[in-house]
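Q: Sharing a structure with you now.
Values quoted throughout were computed directly from the atomic coordinates according to the rules given, and no laboratory measurement underlies them. Computed from a predicted structure; not experimentally measured. Don't worry about glycine lacking a Cβ; one is built from the backbone with ideal geometry, like all the others, and counts go over all protein chains shown.
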Amino acid sequence: MHITLRVAVAIQAIPVEAFQSLIVDSTVQEKAIAHPTDSRLLEIARYQIIKAAQRVGFRLKQTFAQEARDLRRRAGGYAHARQFKRLHKVLRRQRTILGTVLRDIQRQRLSRPDSPDLAGLDTLLERAERRQTQQPKDKNKLYALHAPEVECIGKGKARKPYEFGVKTGLATTHSHSLIVGARTFPGNPYDGHTLNEQLEQATILLEGIAPPPKTVYVDLGYRGVDEDNPDIEIIHRGKLKSLTQDQRQALKRRQAIEPVIGHLKSDHRMDRCWLKGATGDALHAILCAIGYNLRWLLRAIARLNLSPAFLRRLISALCRQMGPTDPLNQLPMSGFRGQYAGI
């Protein structure tokens, strides 16, 4: 992302002063999991733990395969008919079956205490036991057996009350909507508590390009964190009476970050993360932001009508500045063409 910002300044598509004012907001980057109903999670845990145990040579007394299949079908019918007493009875039986299978596997696991090939089984055992014991109102629930880092986040949307993934913060320039920061925040923290880390990332990415940002425009979710960010002027509509006329006018552009989030999700695949673990979530967020900036640069090149010869000289100059080990040096110079119309 640092390279895209350097190129944007080098082609004069954005002035250096534009990085002094940022807009910060948060969204939810959903994980590639099925909707986590209790019945499905209990059945998946039973199936996966039995398959893993049989793979390492355990012989189980009973797998409950036929009964589990029938219970899953009944749970779907009762939920559709809103017959919740019958549904809860089915869920209790599914939980009992999973507990029986877990105890059978754990007894056999004790006979092989030092076996190194059972690490994967131990991980599944821990997750299945967590799934079997958790209650509907528990915090830090397990929503996917293969992705324990998934969290349930409610953003107040009428069309989607709950989203399952990780909170992701974004920072864009106030006047040009160029992304200067994108990072994930596991644990679903309060928006205001993420502001310091979000601005820290933006400052690191802007190092050598522009001075650190001085003003940030946010929504009311970032109230009450002025003391945590003493060097930053935080502007939101909760301070409307104390703002100058210019600040009030600039605040009207705070919602310009919302279409950026929409384009990230609809055009750059932030709507669903397929990468593994919390590290995959963080990588996916930054890669989606880089893709957005690349498309932003292509539009700027078409608007400024830059020639391929100028772009080749620009890339060569950037490569000389960054050194021979930088990935930018691996770009083929012959790949540039002057066909930017329609971008």
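Q: List the trypsin sites (Lys or Arg not before Pro) within segment 4-71 that fall in a DSSP loop (any state other than H, G, I, E or B) and whose Cβ has at most 13 other Cβ atoms within 10 Å. List each step's numbers first, then the result.
A: Values: sites: ARG6, LYS31, ARG40, ARG46, LYS51, ARG55, ARG59, LYS61, ARG69; in loops: ARG59, LYS61.
Hits after loop and neighbour filter: ARG59, LYS61.
Q: I've got another one for you. Starting from the alpha-carbon convex hull of the chain, give the projected area averaged over all orientations, in nm².
A: Values: hull surface 97.0 nm².
Its Cα hull, projected and averaged over all orientations, spans 24.2 nm².
Q: Next up: Test of understanding: what is the full-extension gain from ARG312 to THR279, defined as 0.36 nm times their sequence separation minus their Cα-Cα distance?
A: Working: separation 33, 0.36 × 33 = 11.88 nm, distance 3.46 nm.
Full extension of this stretch gives 8.4 nm more.
Q: Moving on to the next point. Can you tally the net charge around TYR222? Count Lys and Arg as +1, Asp and Glu as -1, for every other residue whose Cβ sits under 12 Å from the Cβ of TYR222.
A: Numbers: positive: ARG223, ARG237, LYS239, ARG254; negative: ASP25, ASP191, ASP219, ASP226, ASP228.
Net of charged neighbours comes to -1.
Q: Let me ask something additional. Please give me, ordered by residue number, the chymotrypsin sites (Phe, Trp or Tyr not before Pro) of segment 237-312 that lie in loop per DSSP and have at most 12 other Cβ atoms within 10 Å. The partial results should precede the final answer.
A: Working: sites: TRP274, TYR292, TRP296, PHE310; in loops: TRP274.
Counting only loop positions with at most 12 other Cβ atoms within 10 Å, the chymotrypsin sites (Phe, Trp or Tyr not before Pro) in segment 237-312 are TRP274.
Q: Pop a pseudo-label 7 angstrom from the Cα along the beta-carbon direction at both HIS80 and ASP226 and give the gap in nm to one decimal.
A: 5.7 nm
Q: Taking every DSSP beta bridge that has both residues in the chain, what percent is antiparallel when rounded to the nearest 5?
A: Of those bridges, close to 70 percent are antiparallel.
Q: Quick one: longest stretch of the chain between exposed loop GluC sites (Glu not before Pro), exposed meaning at most 14 other C-beta atoms within 10 Å and loop per DSSP?
A: Numbers: sites that count: GLU207, GLU227.
So the longest stretch without any such site is 1-206.
Q: In segment 38-145, with Lys and Arg counted as +1 and Asp and Glu as -1 at Cβ, which of these residues, LEU98, SER39, PHE58, has the Cα nearest the positive end of the dipole, that is, farthest along it?
A: Projecting each Cα onto the dipole axis, the largest value belongs to SER39.
Q: I've got another one for you. What percent do you get for the relative contact order of segment 38-145 when only Cα pairs under 8 Å and 6+ apart count? Show your work: numbers first, answer last.
A: Details: 79 pairs, mean separation 44.5, N = 108.
Reported relative contact order: 41 percent.
Q: With charges set only on the Cβ (+1 for Lys and Arg, -1 for Asp and Glu), what does the dipole of segment 38-145 come to about its Cα centre, in debye to the nearest 20?
A: Details: 27 positive and 11 negative charges, 130 e Å.
Using Cβ point charges on Lys, Arg, Asp and Glu, segment 38-145 gives about 620 debye.
Q: Which three lengths, in whole Å and largest first, does segment 38-145 cover when its Cα atoms are put on their principal axes?
A: Principal extents (largest minus smallest coordinate, Cα): 48, 32, 17 Å.
Q: Which FRET efficiency value, to the nearest 0.05, is calculated for LEU294 and GLN106 with the Förster distance at 41 angstrom and r the Cβ-Cβ distance?
A: Numbers: r = 51 Å, r/R0 = 1.24.
With a Förster radius of 41 Å, E is 0.20.
Q: Let me ask something additional. Rg to Rh ratio, segment 117-208, alpha-carbon atoms and Kirkwood radius? Provide the component values of the computation, followed by the final result.
A: Numbers: Rg = 17.8 Å, Rh = 16.1 Å.
Rg/Rh for segment 117-208 comes to 1.11.
Q: Then there is this: Roughly speaking, what is the centre-to-centre gap between segment 13-35 and segment 281-310 when only Cα atoms are used, to the nearest Å?
A: First find each Cα centre; the distance between them is then 15 Å.
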